[in-house]
Structures are given as C-alpha cells and as structure tokens.
1. Is it possible to state the helix-based mean residue ellipticity at 222 nm for the chain, with each DSSP H run of 4+ residues giving -39500 (n - 2.57), the sum divided by total residues, to the nearest 500 deg cm²/dmol? What is it?
2. Full extension from SER516 to ALA239: what is 0.36 nm times the residue separation minus their Cα-Cα distance, to one decimal in nm?
3. Would you work out the relative contact order for the chain, in percent, from Cα pairs under 8 angstrom that are 6 or more residues apart?
4. Given the Cα-Cα distance of ALA391 and TYR427 and 0.36 nm per residue of separation, how much length would full extension add, in nm?
5. Can you work out ³J(HN,Hα) from phi for every residue in the stretch 483-495, in order, using Karplus 6.51 cos²θ - 1.76 cosθ + 1.60 and θ = phi - 60°, giving whole Hz and x for Gly and Pro?
6. By how many nm would the segment from TRP11 to SER524 lengthen if fully extended, with 0.36 nm per residue of separation less the alpha-carbon distance?
7. Which ³J(HN,Hα) values in Hz, rounded to whole numbers, follow from the phi angles of the stretch 213-229 under the Karplus curve 6.51 cos²θ - 1.76 cosθ + 1.60, where θ = phi - 60° and Gly and Pro get x?
8. Is the shape of the stretch 97-214 rounded, prolate or oblate, going by the alpha carbon gyration tensor and its root eigenvalues a ≥ b ≥ c, with a/c under 1.5 for rounded and a/b larger than b/c for prolate?
Amino acid sequence: MFRSFFPVLDWGSKYNSKTLVNDLVVSLIVTVMLIPQSLAYAQLAGLPAEIGLYASIAPLILYAIFGTSRALAVGPVAVVSLMTAAAIAPFAEQGTSAYLNAAIALAIISGLILILLGLLKLGFLANFLSHPVISGFITASGIQIAASQLTPLLGIPSEGHNFLEILKSLIKNAGELNVHTAAVGITSMLFLFWVRGKLAPLLIRIGMSKRSAGIVAKIGPVIAIAFSILTVVWFDLDAKGVKIVGDIPRGLPALKLPQFDSELWKNLLIPALLISAVGYVESISVAHTLASKKRQRIDPNQELIALGAANVGAAISGGFPVTGGFSRSVVNFDAGAETPAAGAFTAIGIALATIFLTPVLFFLPNAVLGATIIVAVLSLVDLKAVKITYAFSKQDAAAMAATILITLVFGIEPGLISGVLLSISLYLYRTSIPHSAIVGQIPGTEHFRNVLRHEVITYPNIVSLRIDENLYFVNARFLEDKVNEIAAEYVEMKHFILVCSSISAIDSSALESLESINQRLKDSGIKFHLSELKGPIMDQFKNSHLLHDLTGGVYLTQYIAVESILKTS
C-alpha cells in the first residue's frame, strides 16, 4: 500500500548507470527547450518571467517521486497559463504582489483538489469533460492565446478577457504599432514556424537521423532568443520602444507556505477546480499515449496525487499552476527518457539556469516570447474537428461548436462550464429516448435482429423488444410508454419479452417501472418475460419483488425464451 503512493521506490530500485546516462542526456535537451517555454508561459499568465522558471523546478522533482509516467514532463503550459490569468484578473492587477499571491494560491488550491481526488480515487470525474468539449475548449483557447500575444508581438497595447474584447482593443489601438517590435516579433515568429515545419526535413536530407533532427528542431526557440538578444543589444532596440524582459532576479526562490486568505481562496475555488480538471485531462491523455508506445502502465488516481503534489510544490516555491505538457513530454519520450528521474535532472538544469543564466536574458524581447507562444498554441487550433465530429455525431459537434463560440465571446470559464453542461444535457436527452427495436429471429440461426433492418421470423403472439441503453430514472418513463404502445398495436400479443442484452445497469426508478409494466401486462392478459439478463442485474433483482411477481420467465438467451414459449403455447 505504501509503495503504491511512491512509484519512485519501484523504478528507483532498478536504476543503473546506463539509465542514469540516458536520463541526463534527455534532461539536457528538455532543459534547453523548457527555459524559453517557462518564460513565455509566465508572460501569458501575466506574471514576471522568473515565476515561469520557479514553476519548472519543484513540480518536476515532486512528479518524479509520485508520478507513474516515465516520460511526462510537468511544468507551465499554454492553456493552464491562460486560465490562470483569467481566474486572477477579477481580483488583482497584473504586476502587483496581490496578483502573484493569487497565482500562488491558485496553484496550491488546485494541488489540494487533485490530491483529494486522487486519495478518494475519483479520477473518473474528469470523464465529464468529454473529448469534443475539451477539443473545442483547447481550440478556442489557442485562438484567444494567439490574439492576446499580438500585443507583445507587435507592440500594440490591448486589453480584454475574451477574444472579441482583445480583437476590438487591438483594432482600436492599431495606430500605436511599434515598427521595431513588430519587425523582431514577426521575424521570430516566421523563423519558429520554419523551424517547426522545415528544419527537421532539411536536417534529415543532409544525413541526420530522424530522431535527432526532430529533437534539434524542438530547440528553435533557443536560437530565436539568442539571436533576438544580440539584435536588441547591437541596434539598441530597447531605446526604440522594444520592450524587454529586463532584470530577472538571480537565485532560487525561498520555500514558504502561501498566505491563507479565506475570501480569496473561496473566490478561486471554482477556477481552481476547472484548472485541475483541464490540467488532469491534458496530462493523463499525454501520459497514456506515450505509455502505450512502450507497453507501460499509468495509474490515473496516482497521477492525480502526483499532479497535485507538483502544484503544491509550485505554490511553495513561488510558482503558478502546472500540468503535463504535450510538446516537452514528446521531446522527453523521443529523446529516450527511461524514468521520471529525467524530469528531476531537468529541474536541476532549470535551477542552475535560474542561478547563472538570468543576466543573459536581460535584453530578451517580449516579442520573441509572444512569438514562441503563438507558434506553440496555433498547433492546438483544430477547427476542422467540428466538421469531422458533425459527420459522426451532430450532438457532439454542437457541444464542441458551443464551447468554441462561448469561450471566444464570453471567456474561458463560461466556455468550459457551458460545454460541460451542454454535454451532460445532450447525454441525458439522448439516453432519455434510447434506441429500441422489435426483434425477430434470423432464419436458420439463433440470432435476433431488428425487424426493420433484416428479414426475420416473428410470431403474432410473441413480441420481443430490445432496449439499447441502461435503464435509469431518465428513461424509465420512456420504457413504460413504449410497452403501452406495443400492447395497443399488437392486439394478438400474449407474450412480451424484454431483451436485456444491451442493458448493463438498472436503477430503482427503472425497477419500479418494470414492476409497473409487469402489472399492466398482467391486467391485459399478457405475460412479461426477460431474456439475456446480465449477472449483476440478476443479483439486484434477487433483492426485489420483481422475480417473485413476474408473470413470465427469465431466460439465458432470446432463442431459448422464444423456443420455450412456443412449446408451452
């Protein structure tokens, strides 16, 4: 039991020098990639650049202790950074100590929520965030993030908490565009797009391995940062209106518990819950994808605890909410990370950079960080997914489209909450009117299929209905009405069989409906039979009066049910 909470005891006992060398090499690659990402995502969250570095140290170490994924890299990510900024904006102004304190509080609340969910083994709650809703939310967030970064990219001041407000502000202030800032930002963005799409194929053509080329292409932001810093210094661009990161405090953050403010924590509870849910879904998706490639196992509930510990660590070290990032985790995996120790070594690399390299970043243009974010998040935008989803499920497409539109028009939290509520509502609607079919026997077989789709054998005195959904309070009344319609339509019916092959659960409301159906059919001189009941449901029925009062029989298969009734009729 104790060891299950500390996966490090499992992989740590098998650690050797070969694994150490591999993890050290991987950590060096990911460190180089993570430094610009951390700085950029801190800017996106409305925080000083060094906070992004702080949020990339303790979380990585704690995840290495508690996490079950060998390749997941934890740290600041775009969507969670945007959600952080949106959550804090109503309560504090950017650049103030109150804003930073709120970000730290958000991290620890999110961490405590995740740990609690993990201890209670409630990871399944994240399933309420359906894939279409998450996909729509991430697409809308990507669009909004990209729009928000046009401010540092072009030097145009803007404000707003949603896409429309930001766009309106950018148009209004377009005349304040700074030419030098725009030149640096657009050049950096075009270079990063080229690196992302063209550099790896170029390197492969000149003889580099596919794996090595892919890794080199991932460190494009470092090249952009180095070149832009030299450009600012050489041409004295900071004196021409190009905003730079400026002085970044050297050294590691002091470890301390965040201040407890009951009013602030209460206001941040819902945003923290949403950040926890989105972060967990994103993280567990990446972890499962990478683990499946090496036939490794991920424990979802332990992942909740690991991510919770990572966020608590971020808060204690002065950071903001974190989760598993897709791009850095893929680099981690492709570079050959063998254990979570690679993440811990990355944390050491970030710590060393925080101590020794921050003076080098003084002249780093904010425009380059904006370009880094834009290039990263535009890969998240997938508007074609709405069309693809619509072809398969109009209801899921509606939930996705609504999530995108509401997020863009009203903001992050309304978009996510409305998407979840719409998904749940559509699910309840869909299951309240489940698919049902009157079935008959396919000649020469023991199989029964829909009479409207197949040439089947039926009997005037026997009607068999298959319900393709679990029975619960939402559709219990539907079943009663359906049976009443059948009884009125099939006047020769003497036996009614409910085929339960697609039913895996029945609640007490549905049980009452079945008892009511049994009584009504009995009053009409019709026997009520059940076929293909699953074991757990049969166990439930043994604790009720239904089996004792049932006017017909209970049969293992539909074929046996019909044959038995025909023999006794």
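Nothing in this text is a laboratory measurement; each read-out follows from the coordinates by a stated rule. Because the structure is predicted, anything quoted here is derived from the model rather than measured. Backbone-built Cβ (ideal geometry, glycine too); neighbour counts: all protein chains shown.
1. Values: 26 runs with 348 residues, N = 569.
When only DSSP H runs of four or more count, the value is -19500 deg cm²/dmol.
2. On the way: separation 277, 0.36 × 277 = 99.72 nm, distance 8.27 nm.
Between SER516 and ALA239, full extension yields an extra 91.5 nm.
3. Numbers: 1008 pairs, mean separation 126.6, N = 569.
Contact order relative to length: 22 percent.
4. Details: separation 36, 0.36 × 36 = 12.96 nm, distance 1.78 nm.
Gain on extension, ALA391 to TYR427, equals 11.2 nm.
5. So the Karplus estimates, Gly and Pro as x, are 5, 4, 4, 5, 4, 6, 7, 9, 5, 8, 5, 10, 9 Hz.
6. Length difference between fully extended and current span is 178.0 nm.
7. Each residue's phi maps through the Karplus curve to give 4, x, 5, 4, 5, 6, 9, x, x, 5, 5, 4, 5, 4, 5, 5, 5 Hz.
8. Details: a/c = 2.19, a/b = 1.19, b/c = 1.85.
Note, shape of the stretch 97-214 comes out oblate.
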